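Have a look at the structure below before the remarks.
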Amino acid sequence: MKANIGIAEAHGAEICKKLNVLLADEITLYSKTRNYHWNVTGPAFSVLHKFFEEQYDELESMIDEVAERVRMLGGVAAGSLTTVVANSRLSEAKDESGAMKMVLALLNDHEAIVRAIREDIDEVNDIHKDAGTADFLTGVMKAHEKMAWMLRAHL
């Protein structure tokens, strides 16, 4: 059954496309953060190993929330690996040598997501008239801003 929540079907489809790109970004960032958690070395190992774990746990929750938002709007959450790689605006983890390079790579990704979400909020609210998704995206953006701030504090 289609969602009858006051959003035109065409607008809902466009919003779901944006959310699925965000979902791909979140999954990519989760994977990168988890990879760095496993592979971080050096004097900051203990602190960063735990810190990266806290961050990927938060990202895991965001992934679920983004996918559920897509479903609420009547879309299909696109979470296959093929779809993630094709749609993510982020690159997969590289073999970063050095803990601080890992921190910087994650910081850059969080900030990229924040910038993209800022644009999406305006479009979702102004063009597609979906205040609920705009509010949802604002919360996701704020979470990424906080995670970026915490990463920046390590540099």
Exercise for the section: Give, as ranges by residue number, the residues of the stretch 32-50 whose backbone N falls under 14 Å from the point 7 Å along Cα→Cβ of D64. Expected result: none
Completion exercise
Given a Förster distance of 30 Å, the FRET efficiency implied by the Cβ-Cβ spacing of N108 and A10, rounded to the nearest 0.05, works out to 0.30
Practice task
Identify which of G75, G98, G42 has the largest mean-square fluctuation in a Gaussian network model of the chain, with springs joining Cα atoms closer than 10 Å.
Solution key: G42
Handout entry: Cα→Cβ-extended label distance, 7 Å offset, between R115 and E53, nm
Key = 3.3 nm
Practice task
Return the sequence-ordered ³J(HN,Hα) values of the stretch 105-118 in whole Hz as given by the Karplus equation 6.51 cos²θ - 1.76 cosθ + 1.60 applied to θ = phi - 60°, using x for Gly and Pro.
Solution key: 4, 5, 4, 4, 5, 4, 5, 5, 5, 4, 4, 5, 5, 3
Practice task
Note down the nm distance, to one decimal, between modelled labels 7 Å out along Cα→Cβ at S46 and at I127.
Solution key: 5.1 nm
Fill in the blank from the handout: Going from the fewest other Cβ atoms within 10 Å to the most, one would list T33, T41, T133 as T41, T133, T33
Completion exercise
Note on the stretch 9-152: contact order normalised by length, alpha-carbon pairs under 8 Å, 6 or more apart, percent, works out to 31 percent
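Each reported figure results from applying straightforward, stated rules to the coordinates on display, with no laboratory input. Source: prediction; values computed, not measured. Positions of Cβ are generated from backbone atoms using ideal geometry, with glycine treated the same way; all protein chains shown enter the neighbour counts.
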